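All of the numbers you see were taken from the coordinates with simple rules; none came from a lab. Everything numeric here is computed off the predicted structure, so don't read it as measured data. Cβ placement follows ideal geometry from the backbone for every residue including glycine, while neighbour counts extend to all protein chains displayed.
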Amino acid sequence: MIRTLDARAGVDAVVALLERSPETVAPEIHRTVDAILATVRARGDAALCEQTARLDGWNPARPEDLALAPRDFENGARAVAADVRAALEYAAERIERYHAAAMPKSWRMTDEHGSVLGQEVRALDRVGVYVPGGRAAYPSTVLMTAVPARVAGVREIVLVTPAGAGGRIDPVVLAAARIAGVTEGYRIGGAQAVAALAYGTSLIRRVDKIVGPGNIYVALAKARVFGEVGIDMVAGPSEVVVIADAGADAEWIAGDLLAQAEHDPMARALLITDASELIPRVEAALERQLEALPRRAIAEQALRANGALIRVATLDDAVTLANLLAPEHLELLVTAPTALLPRVKHAGAVFLGAHSPEVVGDYVAGPNHVLPTAGTARFASPLSTEDFVKRSSVIEYSRGGLRAAAPHLKTLSRIEGLDAHGNAAALRLDADGGKTP
């Protein structure tokens, strides 16, 4: 049901076994995405209605039917049970608190010549948040995408999510949107939603950036429109690596592995341990917990195809292997997790200790659950307020600073064959007539 691998002789061979086959996207999917983007760009709202009728199973009579009215958000908030609303508000408050602490700041410095240098941070004007929907509801994704945007100062936060039968959006999604600060919303999904956000239509004004996860059509569409607008990342299947020692609870480990495996047949769930006796206990716990899991078939497929229980010689080797995998989620389920943390170089989110299951990061801890996947934690970071701002450099030179820089400007512009560059500084110094700062 799940592989067991031995890496005590070295982690390189195991890394090769764990490498995913390059994901081949069928050519017809690429063609479909390109066609949808092109038709929405050319025909706007009419194309949105046609694609929604064809792909989402409901037929909007007119483009205005795609829009969510303020009363829809209000009705959704009233429709959810009190405990659901309390959970959403609890999660939203923690997400807001964390992202406010991480908000990038404007700053200034003054050099030895009195020249002032610095940075101005400004929020994006308008962003689109994509939330998967249709057959399932993901209010946590609404919170994780919209709350940081609001904290960053974005004034227009546009929700797009595919509707179910008759254009219905689950009330819990609408309630989360109201709590998070979404300012407008539309009943559209897939590549057509990405196209509308990127290019704009009569109904939907274009945005500056698109964030949020989606299926392969959404991922490809986001990649295609990058440059027209910004995007956060191109997300892949969910993944967790659990590093555990002999003191770890096998039932807890199995629960954490299954929490990832139930996402998707392509999800990855790995245990890396220096304790041989832990592996059969985790394997048995997986079998027991699977019996009662509603999404058992999905979880079993994921564990069989992409799961593994891996024995290493030392915990240092476990971290080395984890760094090579650069997972989305990394749990350090060991006696002294903070001792291992300095060696962790590549992970989207790191969970320390026995009482930090990955699920708290999915919902309520505060840090974002939109994370780099498929090894991209080598160079990418979680979604944050930084994704909803842009930075402008600020340069205010003094006369003395320009005078000190002038010979170097002349030299550098000369060797690059750009004499007018050097002249632009020299003209100012000539006009200055040798004045002191």
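In a DSSP loop and with at most 16 other Cβ atoms within 10 Å, the trypsin sites (Lys or Arg not before Pro) in segment 1-98 are R8, R20. Between L290, A47, T376, the Cα set farthest toward the positive side of the dipole of the chain (charges on each charged residue's Cβ, about the Cα centre) is that of A47. Helices in the chain, meaning DSSP H runs of at least 4 residues, each add -39500 (n - 2.57). Divided by all residues, the mean residue ellipticity at 222 nm is -14000 deg cm²/dmol. Once backbone amide H atoms are built at 1.01 Å from N, L68 has G185, Y186, R187 as its partners under 5 Å, excluding neighbours fewer than 5 places away on the same chain.
The Cα atoms of segment 1-70 cover 64, 31, 22 Å along the three principal axes, with the biggest extent listed first. Size of segment 201-265: Rg and Dmax of its alpha carbons, in Å, are 18.3, 61. GNM remark for the chain: springs join alpha carbons under 10 Å apart, and the peak mean-square fluctuation among G57, G366, G128 falls on G57. Largest GNM mean-square fluctuation among A292, A284, A302, using the chain with Cα springs under 10 Å: A292.
The dipole here belongs to the chain: it is taken about the Cα centre, uses +1 on the Cβ of Lys and Arg and -1 on the Cβ of Asp and Glu, and is about 1380 debye.
Beta bridges from DSSP with both residues in the chain: antiparallel share about 25 percent, rounded to the nearest 5. Backbone phi angles across segment 380-395, fed through the Karplus curve with coefficients 6.51, -1.76 and 1.60 (θ = phi - 60°), yield HN-Hα couplings of 10, 10, x, 4, 7, 4, 4, 6, 10, 10, 10, 10, 10, 6, 10, 9 Hz in residue order; Gly and Pro are listed as x. Annotation for segment 1-43 versus segment 312-381: alpha-carbon center distance of 21 Å. Across all Cα pairs in the chain, the calculated P(r) in 20 Å bins from zero up to the longest distance comes to 22, 46, 26, 6, 0 percent per bin. Gyration tensor over the Cα atoms of segment 116-266: the corresponding equivalent ellipsoid has semi-axes (square roots of 5 times the eigenvalues, largest first) of 30, 21, 16 Å.
For the chain, modelled as a Gaussian network with Cα springs under 10 Å, which listed residue fluctuates most, N423, N306, N368? For the chain, modelled as a Gaussian network with Cα springs under 10 Å, the answer is N423. Only alpha carbons enter this Debye calculation for segment 230-312, each as an equal point scatterer, and the log10 of I(q)/I(0) it gives at q = 0.11, 0.12, 0.25, 0.26 Å⁻¹ is -0.29, -0.34, -1.16, -1.23.
Averaging Cα coordinates gives a centre for segment 222-253 and one for segment 383-403; these two points are 32 Å apart. Taking 25 °C and 0.890 mPa s as conditions, segment 1-118 diffuses translationally at an estimated 111 µm²/s according to Stokes-Einstein applied to its Kirkwood radius (Cα pairs). Hand me the GluC sites (Glu not before Pro) from segment 329-437 located in a DSSP loop with no more than 14 other Cβ atoms within 10 Å, in residue order please. Qualifying residues, ordered by number: E416.
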